[in-house]
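The values are calculated or read from the model by the stated rules, or taken from the named source; none is laboratory data. These numbers come from a predicted model, not from an experiment. Don't worry about glycine lacking a Cβ; one is built from the backbone with ideal geometry, like all the others, and counts go over all protein chains shown. For accessibility, only protein heavy atoms count, side chains too; no ligands or nucleic acids. Shrake-Rupley method; radii C 1.70, N 1.55, O 1.52, S 1.80 Å.
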Amino acid sequence: MTHAPDRAASGAAEGPVVKSKPWYRQLYVQVLAAIVIGIVLGWRWPDLATSMEPIGTTFITAMKMLIGPIVFLTIIGGISGVSDLKKVGRTGLKALTYFQVGTIIALLTGLVAINVFRLGEGVHADPSSLEVSGDAGKYIDAGEHQQWWEFLTGLVPDSFFGAFVEGDILQVIFLAVIFGIALKSVGAVGEPIIAGVNRLTQVVFKVLAFVMKAAPLGAFGAMSYAIGKFGLSTLTSLGSLILLFYVTSILFVVVVLGGVLAAYVRLNVFQLFRYFKEEFFLVLGTSTAEPALPGLMRKLQFMGAERSTVGLVVPTGYSFNLDGAAIYLSLATLYIAQATDTALSLGAQLGLLAVMLLTSKGAAGVAGGGFIALTATLSTVGHVPAAGIMLIFGIDKFMSECRALVNFYGNAVATLVIARWEGGLDLERARLVLAGQIREDARPSGEPAAVPQQDTGGTGGAEPVPRPAGGDEAVPATR
């Protein structure tokens, strides 16, 4: 895709679209304040804090309610805007290749970290004395009965609406790709439907903007419950393991992802952090990357990434490109092996890595997916006792934030890499956006500033926003 070279320059000359909101009205500031209040409440009044759980879960549920329609509509709109359908398959193949390479590097990173520091040595846990109860028992049972190939057979939903009811993103992607290709293939017959899809996308994103206003409440409820339920004392019980995971993850993001971004895409990872600060705090507060998916897609398009690429890579990456989960998986597996005095040679560890490449995909999008993948790995290999997950079950909640954040930034970088690889990234615009010279107007995260829409016949006073999904013309943005 070739973008007009003067487009980014003209955007820069115009400066900010509108003046920024006051700091206290910025979403990320409100979410950060809510996180701090939630931590204090959970620390001082744990009983009251645990009762805040419905606030957090309701917000996350509301976000998940919209993710299916957003992914479905965005993929259809993106495919319908591609002139050559071969490009869709090429983009998907490149994305899956990148995901596999990234997963291998992430698994190796966790493997190296735990082999260097060997935090499990000296624990001498007896697997037979570990009591498995509650959710952990469910995860172990699910992992022991899971087959690595189930994520492939599960791609096809039982019914069209079943994928949306169950919230299975992989099935939604499958349906969207088929419908997008079909609409593109029928030519003029499908044009009215494509126009309707683009208009409906605007409506769904507007609903998302309404829901995002409750993001501070959602972060407050989730964080209050986590601290009140598990307590800050849990952080100190296995603090060294938590610290190792966080440090390893930070180094992976800055060195590996940042290196790829700088060397190939020619963008700065620290500027990317600043650009996604709203999504960062949202993920941190809710301990899941799903609520930030729509904002990620919107902002990547605003940067100049082609809509079809964003629509395919981001949702697929949320199931297949889980760098944070991969680091956690290899680190936790080796920690359990060390803690239970299970000797693993280098060859056995590499064998574990090969198994993890498969089992990590099998639990994508499943509640407790990290533990299910971990148990499936241990059960498949047979050397390390699955009951050993009880050694780390109590601290998992405090590691989930980091997993989600690494997954989030991993998918942001992956999309930019694939867009650059496909020639579908306006690099000059991306640099100006990250430098703050081209800015979105002050909408809540989720508002479709960069989502293309149909010509409405003119909008008085509306600023032009470049269409990132194809075509070089500017379109008016809704206020």
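Residue 97 satisfies every condition listed in (1) farther than 30 Å from residue 345 by Cα; (2) within 21 Å of the chain's Cα centre (by Cα) except (1).
Please go through region 139-168 and give me each residue that is modelled with pLDDT of 60 or more and open to solvent by 80 Å² or more (accessible area, probe 1.4 Å), ordered by number. The answer is 141, 152, 153, 156, 158, 161, 165, 166. Scanning region 392-414 for residues that are in contact with a Ser or Thr (Cβ under 8 Å, 6 or more places away or on another chain) and among the aliphatic types (A, V, I, L, M), which turns out modelled with the lowest pLDDT? In this case the residue turns out to be 395. Once region 61-86 is narrowed to residues that are touching a Ser or Thr at 6+ places or on another chain (Cβ under 8 Å) and open to solvent by 30 Å² or more (accessible area, probe 1.4 Å), the residue that is farthest from residue 203 (Cα to Cα) is 85. Condition check for residue 42 on (1) under 23 Å from residue 280 (Cβ atoms); (2) at pLDDT below 85: one failure, at (2).
Is it fair to say residue 90 is modelled with pLDDT of 90 or more, farther than 24 Å from residue 213 by Cβ and open to solvent by 70 Å² or more (accessible area, probe 1.4 Å)? Yes. Annotation: of all residues in region 307-342 being open to solvent by 10 Å² or more (accessible area, probe 1.4 Å) and touching a Ser or Thr at 6+ places or on another chain (Cβ under 9 Å), the one that is nearest to residue 99 (Cα to Cα) is 320.
Of the helices (runs of 4 or more DSSP H) that lie entirely inside region 171-286, those containing 2 or more residues that are surrounded by fewer than 16 Cβ atoms within 10 Å (Cβ to Cβ) span 191-212, 233-237, 239-251, 269-275. Considering only region 290-301, I want to know if a residue exists there that is touching a residue at least 12 places away in the same chain (Cβ under 8 Å) and either part of a loop (DSSP other than H, G, I, E, B) or over 24 Å from residue 420 (Cα atoms) (or both). So far as region 290-301 goes, yes, one or more of its residues are touching a residue at least 12 places away in the same chain (Cβ under 8 Å) and either part of a loop (DSSP other than H, G, I, E, B) or over 24 Å from residue 420 (Cα atoms) (or both). Just so you know, in region 241-287 the residues that are in contact with a Ser or Thr (Cβ under 7 Å, 6 or more places away or on another chain) and hydroxyl-bearing (Ser, Thr, Tyr) include one that is nearest to residue 433 (Cα to Cα), and it is 287.
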